[in-house]
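Here is the structure we will look at.
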Amino acid sequence: MLLNIRFLKMKPLVWLDIRAGFSFLRPRSLKLEFSGLLRSLTADAAIGLLSNFSTSTVENGLRWDGDALFNRLSDPTCDYALHASADLLLISSPRKTRGINYTLLSGFFARPHAALTGSHVRQLVRTACRFWKAPLFIYVGVNSQLPELPGFKVPPRVRSPMLVQLRDLRDEWSNARFDRFQLVDCDFV
């Protein structure tokens with residue numbers, strides 16, 4: 001971080017919380033539009049589903065539309081699943097670290113003006129954990145559209161810091177911030 005600041009003139013923008021939890025419960029009867037592997041859909045069907053959750057132009061975060069998100073998730077080395085209700089989309093992936101399987105919650109995308117509840121978020125997390133058969137989940141990021149973030153905050157003393165840095169020489173970026181920045185927005189997806 002200090003080398004980036006000194007030599008690349010990068011500035012710290014946002015520290016991302018790492019959140020974790022367990023989801024052993026069966027999902028309640030949340031009506032899902034889709035829950036399955038991304039690769040099980042044709043490209044047109046996947047782009048159509050993802051387009052329903054395109055980010056708003058007024059939202060303060062990276063801009064995603066159906067095509068861009070599909071291209072981002074079309075990595076042959078990773079499996080991704082989409083879990084979509086009428087108002088919220090969760091992108092998940094199975095991961096394994098130090099022999100421990102877990103469900104990585106790569107990103108949440110809400111329809112503009114959706115009235116979300118904490119229960120809605122928890123139900124999609126349960127759906128993802130059940131889908132991957134891994135009750136431990138990890139979420140890294142910020143998302144102001146969610147009424148509550150999943151899991152509990154992992155204390156900084158037991159984890160590596162996750163910092164987003166910005167390099168821009170324009171003065172108007174000095175007070176920049178993100179309302180939404182998740183793993184899908186960076187190279188750790």
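All of the numbers you see were taken from the coordinates with simple rules; none came from a lab. Every value quoted in this text rests on a predicted model; they were computed, and no experiment measured them. Every residue, glycine as well, gets a Cβ built from its backbone with ideal geometry; the counts of neighbours run over all protein chains shown.
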**OP:** Count charges around Trp64 for me, please; just the other residues with Cβ under 14 Å from its Cβ, Lys/Arg as +1, Asp/Glu as -1.
**Re:** -1
Original post:
Relative contact order (percent) for region 22-185, with alpha-carbon contacts under 8 angstrom and 6 or more residues of separation?
Top reply: 25 percent
